[in-house]
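Q: Take this structure, written in structure tokens, and hold onto it; I'll ask about it next.
The values are calculated or read from the model by the stated rules, or taken from the named source; none is laboratory data. Just so it is clear, the model here is predicted, and its values are computed rather than measured. So basically every Cβ, Gly included, is an ideal-geometry build from the backbone, and we count neighbours across all protein chains shown.
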Amino acid sequence: MSKILIIEDDLSIGEMMSIYLYEDGYEVKRAENGRRGVALFRDFQPDVIVLDLMLPDMDGMQLCTTIRQTSHIPILMVSAKNEVSDRVKGLQTGADDYLCKPFSMRELSARIQALLRRSNAFPSALGPTDEINAGNITLDLEKRCLYVGGKNIETTFSEFEIMKLFWQNQGRVYNREELLNRVRGFDSQVTERAIDVHIANLRKKIEIDPKEPRHIKTVWGVGYKFLPI
């Protein structure tokens, strides 16, 4: 049974999400503020976090950053803020998906299913224990770790999934829709602009000069590809 942690200060919305997801077969715990959310994150060890952007004691972006310092757990951010800039900022902070209020419980469940499906999948001829190297970059599939020059580089769930896909299919060009389907499945309504954000973040983490990338190359008018050298 997958475990879902909901961090939401609105009692009615939080209770509604908890009941619906419980009836969907998940083990659910809910926190009404960021401090309680951090405690449950450590004790409950959830498989997915549903995180409200506006919390009474801390900003949801701040909490997302805190969680990302120690975990790659999929994070679904929910908020009444629906501007593109808000969604982009959420993804840049470390969220793997962004759902605007009001939303249906059915869509919430679909988004969670997509995140769980991606986090549990290893659709490749490579086994999950394989470690792959390209110059000073190493990808450990079993530990879900990315190393650059021997240093462990923190990545979000979606960033790692994109990197894994690139690595297992070096030189192949992927368009934004293909990459979006990879990291979130077909249930997400998030704009393909999210992929550009993840690519920009990955370049900052693995490239010597993100403005002149050697590894993650743009194929103009098509998408992106990964080159080991």
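Q: Does the range 193-210 contain at least one residue that is part of a strand (DSSP E or B), in contact (Cβ under 8 Å) with a residue 40 or more places away in the chain and either closer than 22 Å to residue 71 by Cβ or touching a Phe, Trp or Tyr at 6+ places or on another chain (Cβ under 8 Å) (or both)?
A: Taking every residue of the range 193-210 in turn, none turns out to be part of a strand (DSSP E or B), in contact (Cβ under 8 Å) with a residue 40 or more places away in the chain and either closer than 22 Å to residue 71 by Cβ or touching a Phe, Trp or Tyr at 6+ places or on another chain (Cβ under 8 Å) (or both).
Q: If you take just the strands (runs of 3 or more DSSP E) that sit entirely in the range 1-117, which of them hold at least 3 residues that are in contact (Cβ under 8 Å) with a residue 12 or more places away in the chain, under 28 Å from residue 200 (Cα atoms) and outside the structural domain of residue 179 (by TED's automatic domain parsing)?
A: Qualifying strands (runs of 3 or more DSSP E): 48-52, 75-79, 97-100.
Q: Just to be sure, is residue 228 surrounded by fewer than 19 Cβ atoms within 10 Å (Cβ to Cβ), touching a helix residue (DSSP H, G or I) at 6+ places or on another chain (Cβ under 7 Å) and assigned to a loop (DSSP other than H, G, I, E, B)?
A: Spelling it out, it is not the case that residue 228 is surrounded by fewer than 19 Cβ atoms within 10 Å (Cβ to Cβ), touching a helix residue (DSSP H, G or I) at 6+ places or on another chain (Cβ under 7 Å) and assigned to a loop (DSSP other than H, G, I, E, B).
Q: Something else: Could you look through the range 154-173, keep only residues that are more than 23 Å from residue 76 (Cβ to Cβ) and surrounded by 18 or more Cβ atoms within 10 Å (Cβ to Cβ), and pick out the one that is modelled with the highest pLDDT?
A: In this case the residue turns out to be 166.
Q: For the range 150-169, what are the residues that are in a loop (DSSP other than H, G, I, E, B) and of a type in the set (Gly, Ala, Ser)?
A: Result: 150, single match.
Q: Kindly evaluate residue 139 against the criterion of being part of a strand (DSSP E or B), modelled with pLDDT of 80 or more, more than 18 Å from residue 98 (Cβ to Cβ) and among the aliphatic types (A, V, I, L, M).
A: The answer is yes for residue 139.
Q: Out of the residues in the range 97-135 meeting the condition of being β-branched (Val, Ile, Thr) and at pLDDT below 75, tell me which one is surrounded by the most Cβ atoms within 10 Å (Cβ to Cβ).
A: Taking the candidates together, the pick is 132.
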